[in-house]
Amino acid sequence: MTDRAPAPLGAVAHYNLLERLEPAGPGELYRARDTHRGRTVAVRLLPGASSPDPEALVANARSLIALSHPNVIALFDVGEHEGRVFLVFEFLRGQSLRAEMAGRALNVRRALDLAVQMADAVADAHAAGFIHGGLSPDSIVVTAKGHAKIPAFELAAHGGFEQTGGEIGLRDYDSPEEARGERPDERSDIF
């Protein structure tokens, strides 16, 4: 019996697409293999109409690569493939915070531990000039090792991922600022 790697579904740049995942957010999401670095990553292909200016979207997303925090999902690469923008993130095994809570209150120590991890990540992002703009129990991943991870994609709201045309990001609710038609800011992430 041989353990063979699955045949790729296709390729985006030097990333072999291995499995389509259920996307939480815009576009298509894949588990992929980075053939240059030999690691498993997550590749998100944004819809073709996600931005009227794909070059600006790529430039703004590149600024997120510099954001490094253990509780922020790392963004490794950004580019264009066949007219669509792609983003390459670290691949995580885990579940959403909502699934972790499973409709019940978390143990107080566990809840405080996760809250501290998320607050530290958000504080670093704010200090670097990024606003998440979509924090919710569905957008936060709790890894198999129990660490909270905030997706970097939505941190780009302040850095230029405009919501023109289609909605980019997860929105369970709007903060008071957003309900008044204002841009999300630090208060929105705390709300």
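The values are calculated or read from the model by the stated rules, or taken from the named source; none is laboratory data. Remember, it's a predicted structure, so these values are computed and weren't measured experimentally. Quick reminder, even Gly has a Cβ in these numbers, built from the backbone with ideal geometry, and neighbours come from all protein chains shown. Each accessible area value is taken on the protein alone, full model and side chains, heavy atoms only, with ligands, DNA and RNA left out. Shrake-Rupley method; radii C 1.70, N 1.55, O 1.52, S 1.80 Å.
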Quick check on my filter: what residues within the range 13-39 are at pLDDT 85 or above, out of contact with any Ser or Thr (no Cβ under 7 Å at 6 or more places or on another chain) and open to solvent by 50 Å² or more (accessible area, probe 1.4 Å)?
13, 19, 20, 35, 36, 37, 39
Exactly one of these conditions fails for residue 44: (1) at pLDDT below 95; (2) buried (at least 18 other Cβ atoms within 10 Å of the Cβ); (3) in contact with a Lys or Arg (Cβ under 9 Å, 6 or more places away or on another chain). Give me its number.
(3)
When you look at residue 10, is it open to solvent by less than 60 Å² (accessible area, probe 1.4 Å) and modelled with pLDDT under 95, yes or no?
yes
So, in the range 98-139, exactly how many residues are in a loop (DSSP other than H, G, I, E, B), in contact with a Pro (Cβ under 8 Å, 6 or more places away or on another chain) and of a type in the set (A, V, I, L, M)?
0
Can you work out which of the residues in the range 63-122 that are of a type in the set (Asp, Glu) and over 14 Å from the mean Cα position of the chain (by Cα) is most open to solvent (accessible area, probe 1.4 Å)?
82
Residues that are among the hydrophobic types (A, V, I, L, M, F, W, C) and in contact (Cβ under 8 Å) with a residue 60 or more places away in the chain: list the strands (runs of 3 or more DSSP E) wholly contained in the range 23-94 that include at least 1 such residues.
75-81, 84-90
Subset of the range 104-120 (residues that are in contact (Cβ under 8 Å) with a residue 40 or more places away in the chain and farther than 12 Å from residue 142 by Cβ):
120
